[in-house]
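The values are calculated or read from the model by the stated rules, or taken from the named source; none is laboratory data. Predicted, not measured: the structure shown is a model, and the values here were computed from it. Neighbour counts are summed over all protein chains in view; Cβ atoms, including those assigned to glycine, are modelled from backbone coordinates with ideal geometry. All accessible areas refer to the heavy atoms of the entire protein, side chains included, with ligands and DNA or RNA removed. Shrake-Rupley method; radii C 1.70, N 1.55, O 1.52, S 1.80 Å.
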Amino acid sequence: MLKRIFDELASLREHMATKDDIASIEQRMATKDDIAAMDKRIEHIEQTMATKDDIASIEQRMATKDDIADLPLIKQAVFEILEAVNEIPTIKQNLADMSQKLDDVIATQARHELAIQSLAVRSLVHENEIRALKAR
């Protein structure tokens with residue numbers, strides 16, 4: 001019986017925790033502060049995470065493949081408009097040049113018109129003089 005008691009004591013000693021074991025467990029255990037901090041983190045996550053309704057709303061607003069199928073055509077149209085817009089200064093300059101040339105043509109026509117009127121008057125004068133000479 002005594003041997004059996006000693007064997008059980010030996011077995012208990014072999015399996016019982018030491019002070020070092022307990023210290024190691026205590027170091028790994030969470031403290032009240034750790035748990036309070038974790039509660040705050042969990043509360044923050046719960047407040048900021050998306051709900052099923054949020055996800056459903058996002059899914060409704062998301063573009064589908066069909067929605068973006070026309071993007072290459074739209075992109076091409078934008079590039080063409082951009083090219084046209086970039087040509088506007090050149091077109092304006094050409095228009096200003098043509099306007100100046102038109103003004104020059106109008107001024108030349110006005111001078112020619114005066115010359116023609118002057119020649120017409122001379123022609124009438126000469127015709128009258130020729131009639132007068134014929135009538136003598």
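Test residue 30 against the criterion of being open to solvent by less than 80 Å² (accessible area, probe 1.4 Å) and not in a helix (DSSP H, G or I), and give yes or no. Walk me through it before giving the result.
Working: open to solvent by less than 80 Å² (accessible area, probe 1.4 Å): yes; not in a helix (DSSP H, G or I): yes.
Here the answer is yes, as residue 30 does meet what is asked.
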- Which of the residues that make up region 81-100 are surrounded by fewer than 10 Cβ atoms within 10 Å (Cβ to Cβ) and charged (D, E, K, R)? 83
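Quick test for you: out of 107, 63, pick the one residue that is surrounded by 10 or more Cβ atoms within 10 Å (Cβ to Cβ) and either free of Cβ contacts under 8 Å to residues at least 40 places away in the same chain or of a type in the set (D, E, K, R) (or both).
Numbers: 63 fails: surrounded by 10 or more Cβ atoms within 10 Å (Cβ to Cβ).
Going through 107, 63 in turn, the sole match is 107.
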- Pair list, Cβ < 6 Å and 6+ apart or interchain, from region 1-20 residues that are in contact (Cβ under 8 Å) with a residue 60 or more places away in the chain to residues that are of a type in the set (Lys, Arg) and in a helix (DSSP H, G or I): none
